[in-house]
Every structure is written in C-alpha cells, then in structure tokens.
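Before any comments, here is the structure.
Please treat every number below as a calculation from the coordinates, not as lab data. Bear in mind the structure is a predicted one, so any value in this text is a computation, not a measurement. Please note: Cβ atoms are built from the backbone with ideal geometry, for glycine as well, and neighbour counts cover all protein chains shown.
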Amino acid sequence: MATAKYGLEPIGPQKPDALVKFDVDPSATAIYRGDVVELVADKGIAQAAAQNQDNIGVVVGFYDADGLPALYYPAGNAAGYTAIVNIDPHQLYKVHYYHASTALTAAYVGSCADWVVGTGNTTTGQSGAYVTALAADAAGLYVLGLYEQQGNEWGTDCELVVKLHEHVHTPAAAGI
C-alpha cells in the first residue's frame, strides 16, 4: 500500500441531504478533502484535531471566494471559502492504517481509533490524515473492517473501513 495517506474517503453513495455547505473559518490552518472538521462558533468549520470529540463530518469539496471549485482551503486567513461537508454520522469511509510494527488482524474490528492529521497534498487537495493506533476505549473513528480491494490484507499497512464514532449527531459525542 506504500503508506498512502488521503484522509477519510467516502465509500458508496453519499446521501444528498447529508452534504451541507459551511463557511470555512478564516484561520491559519489549511483544510483538505478527507479531513474531519468541527463547527466553530460564529466562524463556520475548522479542521478537527486528532482527539476531537465534537466532529460535524468530513470535507468532500470546496468553493473559493468567487464560488469556483477549489482543491483545498489554503492556510493564511483566506476569506470567503465554503466547504461541502458530509454530516451523515453513518457514512462509511476508507482510511489508511500504518504502523511500523503493530500488525492489525480481524480481531481489531469493533475497535476505535483516532486519526493522525498529517500533511495535506496541495497538488491533489487530498488530506494527509491516516490511522496509526487502535484502542478499545472511545476515539474518533470506529473500525468496521478491512476495505475490499485487490492486494489489501490485514497487517501493518492496510486500508480500513470506518465511520465517525465521536460525532455531534451521535449520543457518544458532546455537542459544541
């Protein structure tokens, strides 16, 4: 798998009513497609930190201040950007797992994991988020299994199927 990092990539169809446009908080933090985001009071959305508990969803697209499609939200207080966010707490995502020595097995299904924010790709607009550790206690993502694709096997470098576990629309998460 070559330690691909692309954030959370939606699996299957996305519910049209779950795709919501939000203003992007004009902050210094860049946001990419596949990044988990949270609501920021009076400012829109911002990139969620790795152990954040009040996540609103995953970014699937952007528009710049002129209303044109954009690959990502650049750092440096760019104003006027909007993001399309999938707010469905039941949406499934593919995410990359990598750890130098801890190999995953099917026994990890049902575990939770926090993502590593990583560095996004300014050429493709893809997030750099990935998973590097799993736990039995609560965390941002819930592991549902191994993503079905040729060559993907349980181990130290694989693709997982997850859903947001700590989400504002689920009882397990705190609201803003």
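For the Cα trace of segment 93-164, dividing Rg by the Kirkwood Rh returns an Rg/Rh value of 0.96. Under 5 Å between amide hydrogens, built in the peptide plane, is the criterion, and for Phe62 it picks out Ala70, Ile84 among residues at least 5 positions away or on other chains.
If you take the alpha carbon atoms of segment 79-127 and fit the smallest convex hull around them, that volume is 145 Å³ per residue. Taking K and R as +1 and D and E as -1, what net charge do the other residues with C-beta under 11 Å from the C-beta of Tyr72 add up to? In short, -1. For the chain, lysine pairs with C-alpha atoms less than 23 angstrom apart, excluding pairs fewer than eight positions apart on the same chain, total 8. Within the set of other residues whose C-beta is less than 11 Å from the C-beta of Val168, count the net charge using Lys and Arg as +1 and Asp and Glu as -1. Within the 11 Å Cβ shell, the charges total -3.
I'd like the projected area of segment 14-86, averaged over all directions, using the convex hull of its alpha carbons. Report it in nm² with one decimal. Present the calculation step by step, with values, prior to reporting the outcome.
Values: hull surface 18.9 nm².
Average of the hull's projected areas for segment 14-86 equals 4.7 nm².
Just need the relative contact order of segment 93-164 here, percent rounded to a whole number, with Cα pairs under 8 Å and 6+ apart. Across segment 93-164, relative contact order equals 43 percent.
Quick one: net charge of Gly140's neighbours, Cβ under 11 Å, K/R +1, D/E -1? Please list the in-between numbers first.
Details: positive: Lys163; negative: Glu38, Asp54, Asp114, Glu166.
With Lys, Arg at +1 and Asp, Glu at -1, the neighbours total -3.
Computed extension length for Thr119-His90: 7.8 nm, one decimal, from 0.36 nm per residue of separation with the Cα-Cα distance subtracted. For Gly140, the amide hydrogen comes within under 5 Å of the amide hydrogens of Ala113, Asp114, Trp115, counting only partners 5 or more places away or on other chains and with H modelled in the peptide plane.
When the convex hull of the C-alpha atoms of the chain is computed, what volume per residue in Å³ does it have? If you can, show how the numbers build up before the last one.
On the way: hull volume 20.0 nm³, N = 176.
Dividing the Cα hull volume of the chain by its residues yields 113 Å³.
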